Amino acid sequence: MSSLRLLFLAALAVSATAQNRTTEAGEASIDDPVAECVPYNYPPVTASKTSFPPIWSPATTIVAGDSAAMATFSAMSSSIPNIAPRGTLMGNFSNVSYPATDPDCWWTWDQCTTPKISGLANDTATVPEPRTLGFGFDDGPNCSHNAFYDYLTSQNQKATMFYIGSNVMDWPLEAQRAIVDGHQICVHTWSHHYMTSFTNEGAFAELYYTLQAIKLVTGVTPTCWRPPYGDVDDRIRYIAKQLNLSTIVWKENSEDWEFGSVAGVTNQTVYDNYAYLVSNLSAGTFNTAGTIMLTHELNNYTMQTAIDNYPKLRAAFDALVPIAVALNITHPYAETNYTMPTFQQYVSNASASASASSASAAAASQTPGSRNGGTSSQQPQVTVGLFMFALTMLASASAVLA
Ligand SMILES: [Zn+2]
């Protein structure tokens, strides 16, 4: 067989793999992290991009001409607490003078979770069930998360995923996987900057467009959010509340995201943090109420670290559950056709065999983002795209030969 013929077959094989990148199931079946992170076209996102702020740019204003967003913002704007934005998008607060009395319940100042303004709920930083870990991961959907999500599924483990709007737009099929796998999705802002630095309109846009992106891609509208870096105060809490978002922070910190980027945080640091959590559990720290630890879907290191430490957590804690489950929130989205189990239901299910309970969980959940999702009208465009991709591969093969 000629080299050209072999290259032709190789190109066809690659295009066959690429054909799987039009559905959640196809994307979820890719096991090469590099291949997972090759961008793909998802028509509903492509068609809607002009209705969103630029991906990965701070959403400082409502998109021009977005009358629905403007109406929603206008309805709340006059009642937003009169607290000035502070610091920079990147969290430089060196020029900020702030009273020691912490009048705005600014988490970044002193981890305040009890708002000073009446009518705002306390942040969720712990969970009520004893010896329980509210299990969740920030910054996804990560394009190379298949091995991590496969692992969670193999353990019949659900979690709360705090998704960044820009990541949802970049990796929509990965976002759908969270729903299909039974995880809970919460908002983690559009561009992942310090929220107290935004104007009212900017803070609104960071949350609003992330909600819109998640709805567009998965069909559900979250009711929870986590501020990047924990940076929230009563002004931001109020804006979130008007968007039906409860604020979730954390009590324990794995520091996994700091490995490789913050001096002094080593692999040992991260593993010590996990060990410290378990030793506190053994010491009785969580005998009356459980806790929440900050961990990430940020990169392959943080995901692998989560996998490596999972058996220790599972063996030590009485329960590892999504935060909605820990709070007995059975309807985690604005849409009422999706349910999550109560804490008791989840715990009984988790004690059954992984395969049996996984099947029943899948059957019990009516999920908008099903593995068979996607409309037939998308198919022609996708097919053309793949045909072009195959042609490109053949052209590359010819170029190599030439
Ligand atoms: Zn984050």
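The values are calculated or read from the model by the stated rules, or taken from the named source; none is laboratory data. Note that the structure is predicted; figures quoted are calculated from it, not measured. Here the Cβ is made from the backbone with ideal geometry for all residues, glycine too, and neighbour counts use every protein chain on show.
Observations on the model:
- For beta carbons closer than 7 Å, sequence separation of 6+ or different chains, a first residue in the range 214-229 that is charged (D, E, K, R) and a second that is within 16 Å of the ligand (Cβ to nearest atom) and not in a helix (DSSP H, G or I), the qualifying pairs are Arg226/Asp138; Arg226/Phe162; Arg226/Cys186; Arg226/His188; Arg226/Ile248; Arg226/Val249.
- Some residue of the range 133-150 being away from the ligand (no atom under 16 Å from the Cβ), over 17 Å from the mean Cα position of the chain (by Cα) and assigned to a strand (DSSP E or B): yes
- Yes/no for Leu207 being touching a strand residue (DSSP E or B) at 6+ places or on another chain (Cβ under 8 Å), surrounded by fewer than 23 Cβ atoms within 10 Å (Cβ to Cβ) and closer than 30 Å to Tyr346 by Cα: no
- Being under 17 Å from Ile236 (Cβ atoms), part of a helix (DSSP H, G or I) and modelled with pLDDT of 95 or more holds for only one residue in Thr61, Thr46, Thr88, Thr72, and it is Thr72.
- Residues in the range 169-184 include none that are within 15 Å of the ligand (Cβ to nearest atom) and either acidic (Asp, Glu) or assigned to a loop (DSSP other than H, G, I, E, B) (or both).
- When we screen Ala324, Ala240, Ala319 for residues that are among the small types (Gly, Ala, Ser), modelled with pLDDT of 95 or more, closer than 30 Å to Ala84 by Cβ and crowded, with 20+ Cβ neighbours inside 10 Å, the only hit is Ala240.
- Filter pass, Asn156 being touching a residue at least 60 places away in the same chain (Cβ under 8 Å) and away from the ligand (no atom under 16 Å from the Cβ): yes
- When the residues of the range 210-237 are filtered to those that are over 26 Å from Thr305 (Cβ atoms) and in contact with a Gly (Cβ under 7 Å, 6 or more places away or on another chain), the one that is surrounded by the most Cβ atoms within 10 Å (Cβ to Cβ) is Ala213.
- Pair list, Cβ under 7 Å, 6 or more apart: the range 161-188 residue of a type in the set (Val, Ile, Thr), other residue assigned to a loop (DSSP other than H, G, I, E, B) and within 15 Å of the ligand (Cβ to nearest atom): Ile164/His188; Ile164/Thr189; Ile164/His192; Val168/Pro141
- All positions within the range 109-128 that are surrounded by 13 or more Cβ atoms within 10 Å (Cβ to Cβ) and small (Gly, Ala, Ser): Ala125
- Taken over the range 283-325, the criterion of being closer than 25 Å to Phe259 by Cβ, among the acidic types (Asp, Glu) and in contact (Cβ under 8 Å) with a residue 40 or more places away in the chain is satisfied by Glu297 alone.
- Considering the range 210-258, the residues that are more than 12 Å from the ligand (Cβ to nearest atom) and among the basic types (Lys, Arg) include one that is farthest from His183 (Cα to Cα), namely Arg235.
- Looking only at residues in the range 95-128 that are closer than 30 Å to Ile329 by Cα and among the hydroxyl-bearing types (Ser, Thr, Tyr), the one that is farthest from the chain's Cα centre (by Cα) is Ser118.
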